[in-house]
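Contents: one structure, followed by commentary.
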Amino acid sequence: MRPKANEEQRYHRPVSDHADRTVASNRRARHEYDLLDTWEAGLVLRGSEVKSIRDAKVQIAEAFGREEKGELWLVGMHVPPYAMSGGDSMGHDPDRPRKLLLHRSEIRRIVERMNLEGLTLVPLKLYFKGGNAKVEVALARGRKLHDKRQALTRKEADREAERAMGAVRRS
């Protein structure tokens, strides 16, 4: 028997778009690295970690990806214990490595490029999508100091060109 329309609304609670929000972003990675490819990966987390992340108490600036036994791990992401978790017995280790959830073919491709080209796997942002914690990771090549300066001057030149084009359009 099919439930009535008002019963469907009462029992079915879709995940809202309000939960789809960026919790942390790694702006420094965009400055220090040339980003080559990006992927969206899930994370294996404990309950108290999810609550801390929802409170936006997470730091991903020092994090990076590492391969161990055919799996990718996010190392260096700091998630402090949730304040209401009931002490140390219910909490978690703030700096433990967290497993990245990707398809096997994606993991193989990432690891191959990391080993052959000497690239680094860096997290760009941490967010919730459909109620699940996701991290956007990128394969990146480190920039030298002069590369950072060139990128900055290129960005400023692009900004100036946009301003000039905007002024021409307005007049």
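Just a few scattered comments:
- Subset of the range 21-32 (residues that are in a strand (DSSP E or B) and closer than 13 Å to Glu62 by Cα): Ala24, Ser25
- Contacts under 7 angstrom Cβ, first residue in the range 104-131 being among the aliphatic types (A, V, I, L, M), partner surrounded by 15 or more Cβ atoms within 10 Å (Cβ to Cβ) and part of a loop (DSSP other than H, G, I, E, B), 6 or more apart: Val122/Asn26; Leu124/Asn26; Leu126/Val58; Leu126/Ile60
- Filtering the range 48-93 to residues that are modelled with pLDDT under 80 and surrounded by 15 or more Cβ atoms within 10 Å (Cβ to Cβ) leaves Tyr82, Ser85, Gly91, His92.
- Scanning the range 157-170 finds no residues that are surrounded by 11 or more Cβ atoms within 10 Å (Cβ to Cβ) and at pLDDT 85 or above.
- Qualifying positions in the range 139-154 - of a type outside the set (D, E, K, R) and over 14 Å from Gly118 (Cβ atoms): Leu145, His146, Gln150, Ala151, Leu152, Thr153
- For Ala138, the conditions (1) under 20 Å from the mean Cα position of the chain (by Cα); (2) farther than 19 Å from Glu32 by Cβ are fulfilled apart from (2).
- Only listed residue being exposed (fewer than 15 other Cβ atoms within 10 Å of the Cβ) and farther than 30 Å from Glu156 by Cα, chosen from His103, His31: His103
The values are calculated or read from the model by the stated rules, or taken from the named source; none is laboratory data. Given the structure is predicted, the values throughout are model-derived calculations rather than measurements. For neighbour counting, all protein chains shown are included, and Cβ atoms are generated from backbone atoms with ideal geometry for every residue, glycine included.
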